[in-house]
Amino acid sequence: MGNRELLEHASHLLPIYRQPPNVMARGEGSRIWDADGREFLDYSGGIAVLSVGHCHPKLSAAIAKQAATLMHTSNLFYTDKELLFAEALTRRTGFSHVYFGSTGTEANEALIKLGRRWHFEHGHRERTGIVSTWKSFHGRTLGALTLTGQPKYQEGMPLISDVSYVKYDDLAAMDAAITDQTAFVILEPIQAEGGILAPSDAYLRGVRELCDARGALLFFDEVQTGFGRTGYFLGREHSGVMPDACSLAKGIGGGFPLSAMMVSKKLSDGLPVGAHGTTFGGNPLACAAGLAILEIMEEENLVENARVVGAHLGEQLDALAKDASLPAAVERRGRGLLQGVRIAPEYDARDVLFAMREEGVLASVAGGDVVRLAPALNTTRAEADRAVEAIRKALPRVAKKA
C-alpha cells in the first residue's frame with residue numbers, strides 16, 4: 001500500500017503528533033523511503049537515536065540472533081547479554097554501576113529517585129530539593145516533566161514538589177539556588193530540545209564545584225548528547241566534568257528501546273533492593289542491541305567521524321547563517337553531529353522543514369526556532385553538504401509570518 005491508502009488508518013491514533021503525509025516504510029544507512037517509494041536523506045536521525053543509521057547489518061543481525069535465542073526473562077534473573085553490556089558500558093563511560101531502562105524519561109525518573117533516596121539513606125532527609133534549568137528537557141512522565149524547565153509541557157499536569165529552575169549557563173543564578181536542602185542539580189551538557197544551547201565549559205566546572213562545596217549531587221542528562229553525538233562518547237567530556245550520575249538513551253540502542261542510568265561508586269548504595277525496578281529494562285534483546293552498537297562504534301570509529309564530519313557540517317552551517325542573502329537564518333549552534341540553525345522570529349522553523357522535505361531531506365525542530373540536524377554517526381561529508389544545500393534552497397521559499 002502507498003501513503004494515501006495507509007493514511008486512511010491514521011484516525012485510529014491519538015492526534016498527539018503532527019506528522020507529514022509520508023508513511024515511512026524502509027531505511028538503509030542515512031536514507032529512508034516512504035510507502036510511495038520516495039527516498040529521503042534522514043538528517044532527523046530519529047531525534048538523535050539512529051547512531052549507526054537505519055538497519056545496520058551488524059545491529060540487525062545481533063537483534064535477530066538474540067530474538068531467536070532469548071528475548072525476555074525480567075529482572076528476576078541475570079542474563080548473559082545484560083552482564084556483558086553492563087561491564088562494557090561502565091568501562092567505556094568511567095561510571096561504576098548501571099541501571100537499565102527502556103526510555104530516556106525512565107532513566108531520568110530513576111535519577112530523581114536515586115538523588116533523593118541516596119540522601120535519605122545517608123541520614124540527610126531534609127535534602128529533597130532539586131535544581132533544574134529553564135529551557136531544559138528531561139522527559140514526559142510526571143517526574144521527568146517536573147525537571148523540564150518549559151511550562152508549555154507542564155500545563156494541566158500535576159508535578160512533583162520542591163523543584164526550582166534557574167537560567168542555563170548562569171553560574172551566579174545556580175550559586176543562589178543551591179542550598180543545604182538541595183538533593184541534586186540536573187543539567188544537559190547541551191540543551192538539545194531547548195534549542196541546541198551549549199554552555200561554557202567554565203559553567204559546568206563551576207556547577208560541579210558548587211555541588212561539591214554544598215553537599216548536593218550533580219546529574220547530567222546525556223540522553224541526546226551521549227553515545228558519540230557531540231564528537232565525544234559523552235557530552236561531559238568537552239568540559240572534563242564528571243557528574244555523580246547520568247542518564248543515557250536514544251543512540252544507546254540505535255533504534256531499539258534502551259536506556260541506562262550510569263552511577264558513580266559513591267552513589268551505588270542509593271537505591272537498595274526493592275527501591276526501584278522495571279519489567280523490560282535490561283532485557284537480553286535490548287542489551288544485545290546495545291553491545292552491537294558499542295562494537296560498531298569502535299570498529300567504524302564513529303565518535304571520530306562525528307567529530308570530523310560534525311566540524312565540516314558546522315563550518316557549512318556557519319557560512320549559511322552568515323549569508324546576507326538568507327535573512328531567515330540567524331546563527332549556527334551545536335557540536336559534533338548535533339547541529340542546528342536558528343531561524344529568525346519572523347519566520348516559522350517548521351515551514352523550513354516542509355521546504356527541506358520537498359528537497360528530499362528530513363530534519364526536526366528544537367526549541368521552536370532551530371532547525372536541528374542529528375544524523376547517523378556514520379554519515380558522510382557529502383551527505384552533510386546535501387543537508388546544508390537543502391536548507392539553503394528551502395530558506396528563500398519560506399514566507400514571513402502573517
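The values are calculated or read from the model by the stated rules, or taken from the named source; none is laboratory data. All values reported here derive from a predicted model rather than from experimental measurement. Every residue, glycine as well, gets a Cβ built from its backbone with ideal geometry; the counts of neighbours run over all protein chains shown. These area figures cover heavy atoms from the full protein model, side chains too; ligands, DNA and RNA do not enter into them. Shrake-Rupley method; radii C 1.70, N 1.55, O 1.52, S 1.80 Å.
State whether the residues of region 90-99 include one that is free of Cβ contacts under 8 Å to residues at least 40 places away in the same chain, in a strand (DSSP E or B) and open to solvent by less than 90 Å² (accessible area, probe 1.4 Å). Spell out how you get there, then give the answer.
Taking region 90-99 and keeping what is free of Cβ contacts under 8 Å to residues at least 40 places away in the same chain, we get 91.
Checking which are in a strand (DSSP E or B) leaves us with none.
No, there is no match, as no residue in region 90-99 is free of Cβ contacts under 8 Å to residues at least 40 places away in the same chain, in a strand (DSSP E or B) and open to solvent by less than 90 Å² (accessible area, probe 1.4 Å).
Among the residues of region 387-402, write down those that are closer than 14 Å to Gln339 by Cβ and open to solvent by 40 Å² or more (accessible area, probe 1.4 Å). Show your work before the answer.
Quick first cut of region 387-402, residues closer than 14 Å to Gln339 by Cβ only: 387-388, 390-391.
Matches in region 387-402: none.
Quick one: would you say Asn108 is surrounded by fewer than 18 Cβ atoms within 10 Å (Cβ to Cβ) and either modelled with pLDDT under 95 or not β-branched (Val, Ile, Thr) (or both)?
no
Scanning region 271-304 for residues that are of a type outside the set (A, V, I, L, M, F, W, C) and in contact with a Leu (Cβ under 6 Å, 6 or more places away or on another chain), we see that the one that is farthest from Ala260 (Cα to Cα) is Pro284. Counting the residues of region 64-79 that are within 27 Å of the chain's Cα centre (by Cα), open to solvent by 40 Å² or more (accessible area, probe 1.4 Å) and modelled with pLDDT of 95 or more gives 4.
Mind checking whether some residue in region 200-213 is open to solvent by less than 20 Å² (accessible area, probe 1.4 Å), among the small types (Gly, Ala, Ser), out of contact with any His (no Cβ under 6 Å at 6 or more places or on another chain) and assigned to a loop (DSSP other than H, G, I, E, B)? Before you say what the answer is, go through the steps one by one.
So the first thing to find is which residues in region 200-213 are open to solvent by less than 20 Å² (accessible area, probe 1.4 Å), and the list is 203-204, 206-207, 211.
Now restrict to residues that are among the small types (Gly, Ala, Ser): 206.
From what is left, the residues that are out of contact with any His (no Cβ under 6 Å at 6 or more places or on another chain) are 206.
When the remaining residues are screened for being assigned to a loop (DSSP other than H, G, I, E, B), the result is none.
Looking for residues that are open to solvent by less than 20 Å² (accessible area, probe 1.4 Å), among the small types (Gly, Ala, Ser), out of contact with any His (no Cβ under 6 Å at 6 or more places or on another chain) and assigned to a loop (DSSP other than H, G, I, E, B), one finds none in region 200-213, hence no.
Scan Arg381, Arg307, Arg372 and give me the residue that is surrounded by fewer than 15 Cβ atoms within 10 Å (Cβ to Cβ), in contact (Cβ under 8 Å) with a residue 60 or more places away in the chain and either under 24 Å from Gly254 (Cβ atoms) or β-branched (Val, Ile, Thr) (or both). First the steps, then the outcome.
Values: Arg307 fails: surrounded by fewer than 15 Cβ atoms within 10 Å (Cβ to Cβ); Arg372 fails: surrounded by fewer than 15 Cβ atoms within 10 Å (Cβ to Cβ).
None of the others qualify; the one that does is Arg381.
Please tell me if Tyr165 is more than 19 Å from Leu267 (Cβ to Cβ), at pLDDT 95 or above, assigned to a strand (DSSP E or B) and hydroxyl-bearing (Ser, Thr, Tyr). The answer is yes for Tyr165.
Among the candidates Val185, Val163, single out the residue that is within 12 Å of Ile130 (Cα to Cα) and free of Cβ contacts under 8 Å to residues at least 40 places away in the same chain. Steps first, answer last, please.
Values: Val185 fails: free of Cβ contacts under 8 Å to residues at least 40 places away in the same chain.
When all the criteria are applied, what remains is Val163.
May I ask you to verify whether Ser11 is of a type in the set (S, T, N, Q) and farther than 23 Å from Gly255 by Cβ?
yes
Would you check if there is a residue in region 326-342 being surrounded by fewer than 24 Cβ atoms within 10 Å (Cβ to Cβ), farther than 24 Å from Gln191 by Cβ and touching a residue at least 12 places away in the same chain (Cβ under 8 Å)? Within region 326-342, one or more residues are surrounded by fewer than 24 Cβ atoms within 10 Å (Cβ to Cβ), farther than 24 Å from Gln191 by Cβ and touching a residue at least 12 places away in the same chain (Cβ under 8 Å).
Taking region 343-369, which residues are touching a strand residue (DSSP E or B) at 6+ places or on another chain (Cβ under 8 Å) and either among the small types (Gly, Ala, Ser) or open to solvent by less than 10 Å² (accessible area, probe 1.4 Å) (or both)? Break it down into steps so the answer makes sense when it comes.
Here is the first cut: in region 343-369, the residues touching a strand residue (DSSP E or B) at 6+ places or on another chain (Cβ under 8 Å) are 343-344, 349-350, 352-353, 356-357, 360-367, 369.
Within region 343-369, Ile343, Ala344, Ala349, Val352, Met356, Gly360, Val361, Ala363, Ser364, Ala366, Gly367 qualify.
So, Gln150, is that one within 28 Å of Val371 (Cα to Cα) and either surrounded by fewer than 24 Cβ atoms within 10 Å (Cβ to Cβ) or touching a Phe, Trp or Tyr at 6+ places or on another chain (Cβ under 6 Å) (or both) or not?
Working: within 28 Å of Val371 (Cα to Cα): yes; either surrounded by fewer than 24 Cβ atoms within 10 Å (Cβ to Cβ) or touching a Phe, Trp or Tyr at 6+ places or on another chain (Cβ under 6 Å) (or both): yes.
Here the answer is yes, as Gln150 does meet what is asked.
Looking across Asp201, Asp175, Asp169, Asp221, one residue alone is at positive phi and either touching a residue at least 24 places away in the same chain (Cβ under 8 Å) or in contact with a strand residue (DSSP E or B) (Cβ under 8 Å, 6 or more places away or on another chain) (or both). It is Asp169.
Find the residue count for region 214-238, including only residues that are in a loop (DSSP other than H, G, I, E, B) and either of a type outside the set (D, E, K, R) or farther than 30 Å from Gly53 by Cβ (or both).
First pass over region 214-238, keeping only residues in a loop (DSSP other than H, G, I, E, B): 215-216, 222-234.
Now narrow it down to the ones that are either of a type outside the set (D, E, K, R) or farther than 30 Å from Gly53 by Cβ (or both): 215-216, 223-228, 230-234.
Selection size over region 214-238: 13.
The residue pairs whose first member lies in region 268-296 and is more than 13 Å from Ala249 (Cβ to Cβ), whose second member is surrounded by fewer than 21 Cβ atoms within 10 Å (Cβ to Cβ) and modelled with pLDDT under 95, and whose beta carbons are closer than 6 Å, counting only pairs six or more residues apart or on different chains, are Thr279/Ser74.
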